[in-house]
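Working notes, beginning with the structure itself.
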Amino acid sequence: MKHTKEMVRGVTLVALLAAAGLCSANPAAMRSYRGLAMTAGGERIAAIETVDGDKAAPRVTVRATAGGNIAAVYESANCAQCRFDAPAWSPDGSSLALIGSDAKAGTASVLVLRDGKLVTVATVKGVANTVRWSPDGRRLAFLATVDAKKLTGAVEAGARQVGEIGLAQQEDEQRIALVSANEPAGGGEVRLVSPGDTFIYEYDWTPDGKGFVVTSAKGNGDNNWWIATLGHVDADSGKLRVLAAPKMQMNMPHVSPDGRTVAFIGGLMSDFGSVGGDVFTVPIEGGEPIDVTPGFKGTFNGIGWRGPALLASVQAGADTGIASIDPAARSARVLWKAPVSASAARDGRFVFSADGKVAASVQEDYEHGPRIVAGPLAALAPVTHDNEDFAPQVKARSIAWTNEGFNVQGWLVGPRTVEPGKKYPMIVQVHGGPAAAITPRYVSGGEAGNSLVRALVDKGYFVFFPNPRGSYGQGLAFSSANKRDFGGGDWRDILAGVDAAIRQAPVDGARLGLMGHSYGGFMTMWGVTHSQRFKAAVASAGIANWISYYGQNGIDQWMVPFFGATMYDDPAIYRAASPIESIKSATTPTLVMVGERDVECPPAQSFEFWHGLKAQGVPTALVVYEDEGHAIRKPEHAQDQQVRVLAWFDRYLK
């Protein structure tokens with residue numbers, strides 16, 4: 001197919017900070033960094049940088065890894081509303097490729113930095129992501145959904161379900177696309193390689209450049225990740241060959257440098273993009289995957305081959321770390337760790353040089369703003385200092401406790417200073433997932449960065465973030481420990497964590513609030529129907545009735561690994577975990593919120609719970625946000641949510 005020149009024709013090299021506009025007119029604005037990419041030699045880092053409140057065009061910054069000095073800044077002159085994503089250096093480090101998306105035009109383009117300019121080498125009508133260079137640097141692959149009906153991923157607002165539903169031609173299919181890296185400015189021919197009836201979730205080139213290793217499934221992309229197989233796609237013929245079909249979720253497949261072995265992260269994952277588990281390997285010819293990190297007390301969330309070994313990002317308790325994995329010995333050792341959140345690229349929380357000696361990531365914690373850290377693995381240090389003048393707004397500590405034989409961890413955030421003898425109300429916020437975990441994110445003094453937490457603390461609340469069983473951070477056995485037990489051991493872990501927080505901080509146990517989104521919304525609904533400890537609650541995008549939910553949501557495949565069977569085969573286990581079954585026990589005033597076009601947790605679930613509360617005479621309110629999906633994207637809606645949450649808790653806890 002031939003592609004247009006409608007996007008990013010005027011993207012040019014801009015002078016350093018001042019000329020590029022990277023110095024914000026508002027010196028109090030927070031700088032954020034994402035999409036890190038490191039050259040193979042480790043000498044340069046590229047990142048997409050934005051300034052809070054800045055409406056300028058997106059910018060890509062190239063920095064020296066040592067010291068972080070800015071070498072160049074690139075921005076779009078023609079598309080101020082475009083979003084940049086997924087920068088990737090060519091194998092020789094001479095060029096940078098990335099995705100530019102224009103939501104208004106409904107297009108996505110592959111851009112290449114060439115001779116000081118970003119030029120468009122391909123454009124598709126639809127959406128695209130994850131650009132990767134071929135091993136010889138001559139071609140670029142990327143994931144493209146041509147004529148997409150919605151943004152990729154189940155958290156995005158769903159396409160309206162009208163007309164005859166379920167027709168094959170209605171399905172968005174994300175496919176591997178190829179384009180020459182040397183196309184003239186304006187774009188060239190794009191070849192869709194992978195099968196047209198198959199959704200490709202993750203992919204990587206094979207070292208010989210003749211094909212790809214993929215995770216994929218036929219049919220609806222939002223729903224079928226949980227039944228995806230590991231496969232190989234031939235770059236010439238597009239033929240897909242299945243390598244393995246284990247009963248687990250898989251992510252980040254990568255082929256060893258010798259082309260003989262595929263490594264991937266496998267485990268019990270409840271949402272595409274929320275990656276965690278052990279590391280598995282399987283021969284490129286196919287076979288049964290082998291766990292090469294058995295018994296590791298942590299969760300791997302990123303991997304990459306470095307010779308015969310793997311470098312991985314990992315979460316272990318309160319710490320984010322880097323681990324080296326020896327697949328032959330089936331062992332892993334931690335090389336670096338710190339109690340921070342880290343992010344880098346789609347393949348993990350860190351990026352590494354080709355020899356594995358240099359690393360970089362974006363890091364933050366509750367008291368320190370985002371910064372890029374880089375350097376030798378044993379001596380990572382900040383190389384950006386833009387946010388160092390932002391003072392801590394809160395005081396945070398890791399809380400650890402044991403319950404029923406499990407080691408559990410969470411975070412307690414509160415005011416910098418407390419009044420002697422005073423007891424403070426506390427909000428318990430349960431994360432989504434359930435396969436996920438809360439890690440420290442900076443709480444700023446402005447609207448960016450955990451603004452709800454800051455507002456709660458400013459109003460005199462402590463906020464407690466538990467990571468109960470089913471969460472990442474304690475190993476594969478821990479993250480699988482809530483199978484067929486939603487609202488059981490995980491809820492008891494939360495209650496035990498609340499007691500631990502009360503013992504360690506000046507918290508008033510008679511003034512507790514409960515809130516959460518998605519799985520956290522379900523746990524909030526469960527909590528108010530199984531406990532009288534909480535005096536106010538906010539359930540966002542929750543699940544009230546697993547029986548009706550099974551037939552309403554767009555991702556029912558995720559439930560089978562957790563419940564052990566479909567709802568049609570074992571309805572009793574679904575009914576036992578449904579908060580609506582215990583609605584007559586509810587007394588806690590509960591605010592209910594949801595997006596109108598939520599695919600993951602449809603609004604009917606919130607309506608059902610709200611209706612049940614009203615029938616019992618429990619104070620409640622329901623808010624449905626127009627055109628929003630599972631993730632609330634519009635700033636005005638996010639602000640409205642925050643105002644309502646604060647008012648609700650103030651009303652019942654103050």
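The table that follows gives values for the structure above.
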| item | result |
| --- | --- |
| Sequence-separation-based contact order of the chain, relative, with Cα cut under 8 Å and 6+ spacing, percent | 9 |
| Pairwise label distance in nanometres, Arg34 with Ser94, each label 7 Å out on the Cα-Cβ vector | 3.2 |
| Entry for Cα Rg over 2.2 N^0.38 Å (calculated from the structure that is shown) out of [x] 1.30; [y] 1.02; [z] 0.94 | [z] |
| Apportionment of accessible area to carbon and sulfur, the range 377-485, percent (1.4 Å) | 48 |
| Cut-off 17 Å (backbone N to label point 7 Å along Cα→Cβ of Ala379), residues of the range 29-60 | 42-43 |
| Helix axis angle, 603-615 relative to the chain longest principal axis, alpha carbon, degrees | 10 |
| Cross-link pairs beyond the 32 Å C-alpha cut-off, checked among Lys104/Lys218; Lys584/Lys634; Lys584/Lys654; Lys104/Lys483; Lys297/Lys654 | Lys584/Lys634; Lys104/Lys483; Lys297/Lys654 |
| Helix 635-653 axis, angle to the chain major axis (alpha carbon atoms, nearest 10°) | 20 |
| Solvent-accessible area per residue, Å², over the chain with all protein chains present [probe radius 1.4 Å] | 38 |
| Pairwise FRET efficiency - Lys247 versus Asp508, Cβ, R0 = 45 Å, nearest 0.05 | 0.45 |
| Under the Karplus curve 6.51 cos²θ - 1.76 cosθ + 1.60, θ = phi - 60°, whole-Hz ³J(HN,Hα) for the range 225-232, x wherever Gly or Pro sits | 4, 6, 10, 5, 10, 8, x, 10 |
| Quarter of Cα convex hull surface for the range 456-499, i.e. mean projection, nm² | 3.7 |
| Angle between the chain longest axis and helix 519-530 axis [Cα atoms, degrees, rounded to 10] | 10 |
| Anisotropy class of the range 185-286 from Cα gyration tensor, a/c 1.5 cut | oblate |
| Ordering of 387-395, 229-237 by packing [mean C-beta count within 10 Å, highest first] | 229-237, 387-395 |
| Cα-centre dipole for the chain with unit charges at Cβ (Lys and Arg positive, Asp and Glu negative), debye to 20 | 1020 |
| Shape box of the range 467-571 [Cα atoms, principal axes, largest first, Å] | 47, 30, 19 |
| Dimensions in Å of the range 402-505 - Rg and Dmax from alpha carbons | 14.7, 45 |
| Positive dipole terminus of the chain, leading residue within Pro327, Ala338, Val119 (C-beta point charges) | Ala338 |
| Full-stretch length increase - Ala621, Ala572 - with 0.36 nm per residue and alpha-carbon distance subtracted | 14.7 nm |
| Kirkwood hydrodynamic radius (C-alpha pairs) into Stokes-Einstein, the range 594-654, 25 °C and 0.890 mPa s, D in µm²/s | 195 |
| FRET efficiency for Arg484 and Asn407, using Cβ-Cβ distance with R0 set to 25 Å, rounded to 0.05 | 0.70 |
| Partners for Lys117 among aspartates and glutamates (Cα-Cα distance below 13 Å; same-chain residues under 8 apart left out) | Glu75 |
| Gained length - Asp52 relative to Asn182, 0.36 nm times residue gap less alpha-carbon distance | 43.3 nm |
| Tensor-based shape of the range 295-371 (alpha-carbon gyration tensor, a/c under 1.5 rounded, otherwise prolate or oblate) | oblate |
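The values are calculated or read from the model by the stated rules, or taken from the named source; none is laboratory data. This is a predicted model, so every value here is computed, not measured. Backbone-built Cβ (ideal geometry, glycine too); neighbour counts: all protein chains shown. The protein model used for the area step is the full one, side chains on, heavy atoms only, and it has no ligands, DNA or RNA in it. Shrake-Rupley method; radii C 1.70, N 1.55, O 1.52, S 1.80 Å.
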